Every structure is written in C-alpha cells, then in structure tokens.
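Heads up: the structure comes next, in structure tokens.
The values are calculated or read from the model by the stated rules, or taken from the named source; none is laboratory data. As the structure is a prediction and not an experimental result, all values here were calculated from the model. Neighbour counts run over all protein chains shown; Cβ positions are idealised from the backbone, glycine included. Calculation scope for accessible area: heavy atoms of the full protein, side chains included, ligands and nucleic acids excluded. Shrake-Rupley method; radii C 1.70, N 1.55, O 1.52, S 1.80 Å.
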Amino acid sequence: MENLKTQVAIIGSGPAGLLLGQLLYKAGISHIIIEQRSADYVASRIRAGILEQVSVDLLNQAGVDENLKKFGLPHEGIEILSNGSKHRVDLSALTQGKQVTVYGQTEVTKDLMQAREAADLCTYYEAQDVQVHDFDQQQPYVTFQQNGQSFRLACDFIAGCDGYHGVCRASVPQDKIKTFEKVYPFGWLGVLADVPPVSDELIYVQSERGFALCSMRSKTHSRYYLQVPVTDHVEEWSDERFWDELKNRLDEESRNNLVTGTSIEKSIAPLRSFVTEPMRFGKLFLAGDAAHIVPPTGAKGLNLAASDIAYLSSALIDFYQNNSTQGIDEYSEKCLTRVWKAERFSWWMTHLLHRFETESEFDHKIKQAELNYILDSHAGLTTLAENYVGLPY
Ligand code: APR
Ligand code: PHB
C-alpha cells in the first residue's frame, strides 16, 4: 500500500473535477484527481455545448479560456420554431446585453486537461475500486487501486465530482440523503456531422412529430437532436432516416437550407431530472452530475457543474486562506437554490417543447397556448431569456 497525502481529494475528472482542480491549483491548494477511466476516454466524450456568461467568466478566472476566446461562438439569440412558424428570442436585448457562447464540453474538457498537464498536476487515471472513507470524521481518506497497486490518500476534504453513477453519492448512508427524480418517456437521438449548421443561431423545434434541436459546434460542424422513444436503438436510425425525420420536423426554409452528411457520432441519451439533498456530508462535497441531472433542453448541465465549482472553490479557498468555514457551511444551500431554479427551467422547456404521448388533447392545447403566450409576450420572452443566459451566482 502506497500512502499519499493532499489537501483536497477530487473524485472524477469530468468538467467539474478538472475545473475545481485548476481553481485550487491557482490558489495554491494541493489536490489529487482520481478518475476511473482513461485520459483518452475522458477527452473524447461528446456532450453539450452552450456556456452561460458566468461559466465563461469562471473559465477565464481559471486561466483556461485561450481557445474558448478564439473558437467560441458568441450567440445573442435563439430561434423557436413552433408549429411551422419561427420566432427569434433576442437574448441580448431581453437581458441587458447578456449572451451565451457555443463551445463544446469536449473542448472545455480538453483545455482543462491541457492546463493540468502543463502545470504537471497529479491525476490517477484508470483507478479501480475507488472508495471514500471517514468523511464524517476529522481525517477522511480515499483508497483505490491502479495497475495492481493499492493506494491510500489522506486528505482534509473529498470533492465528489464523479457524475451520476459515481461512488461518492452512493457512499452516503441512506438516512442522511434525499433524492428527487423525474424520468421522461423519451430520449434525444444526437448526431454530430461535418456540415455547416442550418442557421446562424440554434433552432429549438416544437412540432406535432416531436421535438428537434439544430445546434452546432462551429461554423463547419453541426449537432442535431431528435426526440425519440426511449426504447429506440441507435442501430434503427440510419443517417438517411435521421435527416428525413429532421426535415419533417423543420419549416420549409430550414428544410431547404439543411446540409446533410455522414454522421461522425450518433447516440441516444435518456432524459432525466434528478436532485440530491443536501450536497455536503461533513468533509464530502458533491458537485455537478454527482448531485443533480437536468434534461438537456435548457442547456444547463455543464453550467450547473460550473456554478457548483464556483461555490466550492471559493469556500475551500476561504477556508485555507482565512480560516473561515462560512462558505463550507453554506455550500449546499447556495448550490441547491441555484440548482432547483435550473431544474425548474429545464423541466419547463422540456415540457413545453416535447410531445408527450400520454397527454390529453386538452393538456396539449393548454401547452400550445402557453408557448404562444410566451412567444407573444415581452414578459414571457424575458423570463425565457433570463433563465437561458443563466441566473446570477
Ligand atoms: N471513481 C473515479 N471516477 C469516477 C467514478 C469512480 N467510482 N465514477 C465515475 N467517475 C468519473 C467518470 O468516469 C467521469 O469522468 O467521474 C467523472 C464524472 O464526469 P461527468 O459525468 O462529466 O460529470 P461532471 O464533471 O459533473 O460534469 C457535468 O457533464 O454529463 C454532463 O450534463 C452534464 O454537462 C454536464 C457535465
Ligand atoms: C448542444 O449543442 O449539444 C446542445 C445545445 C443546446 C441544448 C442542448 C444541447 O439545449
């Protein structure tokens, strides 16, 4: 058994763990990341791609925004296509100049990994049998194996950034934790393709055939999604079938502008809303997907992981620099207040734009009326825009 020691043990090297590591490093606080997958696997996962301004600011504060500044695409509006007619939501005009940035989570992850490598920071990849111990006591520690060798990592705090299926949340005694969950009866079939996007801005599509989303990663790279039954298999969706169905959900102008091509990646993701309360258990903090999941409709997943890390990094920095436990004590409540607002928004967008097989004709009509109201009302559009660009920390 090899004995290791650090101030903060971070479990998981997704965006949450990597960003926390970078912010702690900049503040002179030692940490080690333990990740169960390989570095290649972590760097190649395809995920969402919209950053709120506050997330962009945090990446700047972490000193990892060089590529983001160069290649990120600022967007001042989105389009909503409802029953064949398009409405532009002028995000900037409705929010006193705020905007979002199109930049893939895959790129954020790569930038953070590169910064980590440049600073020679310690990560144990392909760690097995990771276990967190004694986080309800003064001296927590983590045990794991790598390449047949056993490790024991002593630390002051453990940051559980290990995603929805991670070990940290699962290690909390049942009577100390409460979870809230909603599972949706459909998934998103996503396609990444080397073709220019159909439009300069994202198009969220509500149609009788179901939801669709036209997104992008760059001016030459598109990301499209279709609402599909959660029971569908990706093998049932040839590229041709995908593009045909997308065209069926679009308006004529977009249909004519759509450039199709061979898919680079194709996958189906189920939709889920999920929250854990609280988010701190003694010396163990949960952050990002380990604590909450949102359906992707509002593009909030990565941004919520970033806001948790903003709160957690400043709490830990305050503890080490000023000997204050205030940030630590307030961590869970502060995060959850913001998390639930984003959960509400993501649920609402999902509800409003998707087709639910089980809804009555009356419910369907009411939903259409709500969407019409939102799109015709300055107050309604402001609510949408304010949430979409991101609520303040
Ligand atoms: N031990 C070590 N690492 C683990 C363990 C474990 N037992 N279980 C999971 N992990 C790792 C995963 O392999 C993954 O690399 O934890 C990491 C968690 O990363 P993410 O799932 O990307 O979660 P997070 O960093 O919170 O990022 C949230 O990702 O899923 C999207 O919508 C979500 O955009 C949001 C973002
Ligand atoms: C994406 O580009 O992957 C994306 C964009 C907006 C969303 C969800 C996903 O709401």
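Residues in the range 119-150 that are under 24 Å from G28 (Cβ atoms) and touching a strand residue (DSSP E or B) at 6+ places or on another chain (Cβ under 8 Å): L121, C122, T123, Y124, F135, Q139, P140, Y141, V142.
Conditions tested, residue by residue: (1) farther than 30 Å from E343 by Cβ; (2) loosely packed, with under 14 Cβ neighbours inside 10 Å.
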residue	(1), (2)
L246	no, no
V259	yes, yes
P270	no, yes
V294	no, no
G298	no, no
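Please work out which residue is nearest to the chain's Cα centre (by Cα), limiting yourself to the range 1-22 and to residues that are more than 16 Å from ligand 2 (Cβ to nearest atom) and under 14 Å from D111 (Cα atoms). The selected residue is A16. Which one is surrounded by the fewest Cβ atoms within 10 Å (Cβ to Cβ), of the residues in the range 208-225 that are within 16 Å of ligand 1 (Cβ to nearest atom) and either charged (D, E, K, R) or free of Cβ contacts under 8 Å to residues at least 12 places away in the same chain (or both)? If we take residues in the range 208-225 being within 16 Å of ligand 1 (Cβ to nearest atom) and either charged (D, E, K, R) or free of Cβ contacts under 8 Å to residues at least 12 places away in the same chain (or both), then R217 is surrounded by the fewest Cβ atoms within 10 Å (Cβ to Cβ). Considering each residue of the range 64-71 in turn, none proves to be within 10 Å of ligand 1 (Cβ to nearest atom), aromatic (F, W, Y) and surrounded by fewer than 18 Cβ atoms within 10 Å (Cβ to Cβ).
Using the structure shown, decide if E181 is closer than 30 Å to Q131 by Cβ and of a type in the set (D, E). In short, yes. Would you mind stating whether V42 is of a type in the set (A, V, I, L, M), away from ligand 1 (no atom under 14 Å from the Cβ) and within 17 Å of the chain's Cα centre (by Cα)? Criteria not met by V42.
Taking each residue of the range 274-302 that is farther than 17 Å from G327 by Cβ and in contact (Cβ under 8 Å) with a residue 60 or more places away in the chain and looking for partners that are near ligand 2 (Cβ under 10 Å from one of its atoms) and charged (D, E, K, R) with beta-carbon atoms closer than 8 Å, six or more apart or interchain, yields G301/R47; L302/R47.
State yes or no: is Y320 over 21 Å from R249 (Cα atoms), in contact with a Lys or Arg (Cβ under 9 Å, 6 or more places away or on another chain), hydroxyl-bearing (S, T, Y) and open to solvent by less than 80 Å² (accessible area, probe 1.4 Å)?
When the stated conditions are applied, Y320 does not pass them.
Conditions tested, residue by residue: (1) of a type in the set (G, A, S); (2) closer than 21 Å to S313 by Cβ; (3) out of contact with any Leu (no Cβ under 8 Å at 6 or more places or on another chain).
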position: L19; (1), (2), (3): no, yes, no
position: S30; (1), (2), (3): yes, yes, no
position: D57; (1), (2), (3): no, yes, yes
position: A115; (1), (2), (3): yes, yes, yes
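If I filter the range 223-235 for residues that are more than 25 Å from R355 (Cα to Cα) and more than 16 Å from ligand 2 (Cβ to nearest atom), do I get at least one hit? Within the range 223-235 (the criterion being more than 25 Å from R355 (Cα to Cα) and more than 16 Å from ligand 2 (Cβ to nearest atom)), the answer is no, since none of the residues qualifies.
Looking for whichever is over 22 Å from D289 (Cβ atoms) and touching a Gly at 6+ places or on another chain (Cβ under 9 Å) here; the options are D136, D175, D156. Which one fits?
Details: D175 fails: touching a Gly at 6+ places or on another chain (Cβ under 9 Å); D156 fails: touching a Gly at 6+ places or on another chain (Cβ under 9 Å).
Exactly one of D136, D175, D156 is over 22 Å from D289 (Cβ atoms) and touching a Gly at 6+ places or on another chain (Cβ under 9 Å), namely D136.
Residue check: is V198 of a type outside the set (K, R), within 14 Å of ligand 2 (Cβ to nearest atom), part of a loop (DSSP other than H, G, I, E, B) and crowded, with 19+ Cβ neighbours inside 10 Å?
On the way: of a type outside the set (K, R): yes; within 14 Å of ligand 2 (Cβ to nearest atom): yes; part of a loop (DSSP other than H, G, I, E, B): yes; crowded, with 19+ Cβ neighbours inside 10 Å: yes.
Judged against the criteria, V198 is a match.
Out of L246, L271, which single residue is part of a strand (DSSP E or B) and under 26 Å from the mean Cα position of the chain (by Cα)? It is L271. Inspect the range 297-314 for any residue being within 19 Å of the chain's Cα centre (by Cα) and either assigned to a strand (DSSP E or B) or of a type in the set (D, E) (or both) and give the result as yes or no. Checked against the condition, which is being within 19 Å of the chain's Cα centre (by Cα) and either assigned to a strand (DSSP E or B) or of a type in the set (D, E) (or both), the range 297-314 yields at least one hit.
Taking the range 33-55 as the range and being more than 16 Å from ligand 2 (Cβ to nearest atom) and in a loop (DSSP other than H, G, I, E, B) as the test, the residues that pass are E35, Q36, R37, S38. Residues satisfying the criterion are present in the range 336-355 (criterion: outside any helix (DSSP H, G or I), out of contact with any His (no Cβ under 6 Å at 6 or more places or on another chain) and open to solvent by 20 Å² or more (accessible area, probe 1.4 Å)). Does the range 187-194 contain any residue that is without any contact (Cβ under 8 Å) to a residue 24 or more places away in the chain, open to solvent by less than 20 Å² (accessible area, probe 1.4 Å) and more than 16 Å from ligand 1 (Cβ to nearest atom)? So far as the range 187-194 goes, no, none of its residues is without any contact (Cβ under 8 Å) to a residue 24 or more places away in the chain, open to solvent by less than 20 Å² (accessible area, probe 1.4 Å) and more than 16 Å from ligand 1 (Cβ to nearest atom). Set side by side, the residues V205, V183, V228, V167 differ, and just one is away from ligand 1 (no atom under 14 Å from the Cβ), at pLDDT 95 or above, open to solvent by 10 Å² or more (accessible area, probe 1.4 Å) and within 26 Å of S273 (Cβ to Cβ), which is V183. Of the strands (runs of 3 or more DSSP E) contained entirely in the range 85-163, those carrying at least 1 residues that are among the basic types (K, R), open to solvent by 20 Å² or more (accessible area, probe 1.4 Å) and away from ligand 2 (no atom under 16 Å from the Cβ) fall at 85-89, 149-154. Evaluate the range 23-38: report whether one residue or more is under 22 Å from the mean Cα position of the chain (by Cα) and farther than 22 Å from C155 by Cβ. Looking for residues that are under 22 Å from the mean Cα position of the chain (by Cα) and farther than 22 Å from C155 by Cβ, one finds at least one in the range 23-38, hence yes.
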